[in-house]
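Following: one structure in structure tokens, then a few remarks.
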Amino acid sequence: HTPSGLEVSLTPHAGIGLGSRGGSAEAGATLRVGSGLKKLMPDGDKVFGERSRWFVYAAGSGRAVGYNFARTRDGVYARSGYTQDKGSFLGDASIGVAYRKGDMQTSFGVVYREIDAGKGLRGMNGLDTDVSEGLLAFQLSIRPGR
């Protein structure tokens, strides 16, 4: 918090991946400036806990921002505001719709990813080994023991 009441937040993040075509690494940071940031975009797990919800999201680097629809006491799905969620989202960037309940999440969306196979591959002289692709994806993930 600054003396004027403005909130400033810098959140670093890093990730690594290993696949059949080699490894990858990423690093970055998110800078947020504003007032009432946690009220504007609270953590989805803290807001909903074990309750089930649908959300429309945009995701990148393992974090999604989404608009939620959760059941009311009458059992009807109602608009429930924006949240941010950490999770296992496919690709470098994605948009879609997801269902989350406790430790389980399933999603369907459009995923964009870039793959850099790197230099030094045998038999690849003169060929472009970098790939950018977009695809439709279905994902199911379970995070036991948060």
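The values are calculated or read from the model by the stated rules, or taken from the named source; none is laboratory data. In this text, all values refer to a predicted model and were calculated from it rather than measured experimentally. With ideal geometry, Cβ positions are generated from the backbone for all residues, glycine too; neighbour counts draw on all protein chains shown. Please note that ligands, DNA and RNA were not included when accessible areas were found on the heavy atoms of the full protein model with its side chains. Shrake-Rupley method; radii C 1.70, N 1.55, O 1.52, S 1.80 Å.
Remark: Gly23 falls outside the filter, which requires a residue to be farther than 30 Å from Phe108 by Cβ and either at pLDDT 70 or above or open to solvent by less than 90 Å² (accessible area, probe 1.4 Å) (or both).
Within segment 66-80, the set of residues being surrounded by fewer than 16 Cβ atoms within 10 Å (Cβ to Cβ) and of a type outside the set (Ser, Thr, Tyr) comprises Arg71, Arg73, Asp74, Gly75, Val76, Ala78, Arg79.
Of the residues making up segment 44-59, those that are buried (at least 16 other Cβ atoms within 10 Å of the Cβ) and under 25 Å from Ile16 (Cα atoms) are Gly44, Asp45, Tyr57, Ala59. Could you grab me the full set of residues in segment 46-91 that are touching a Phe, Trp or Tyr at 6+ places or on another chain (Cβ under 9 Å) and among the polar types (S, T, N, Q)? Ser52, Ser61, Asn68, Ser80, Thr83 - these are the residues of segment 46-91 that are touching a Phe, Trp or Tyr at 6+ places or on another chain (Cβ under 9 Å) and among the polar types (S, T, N, Q).
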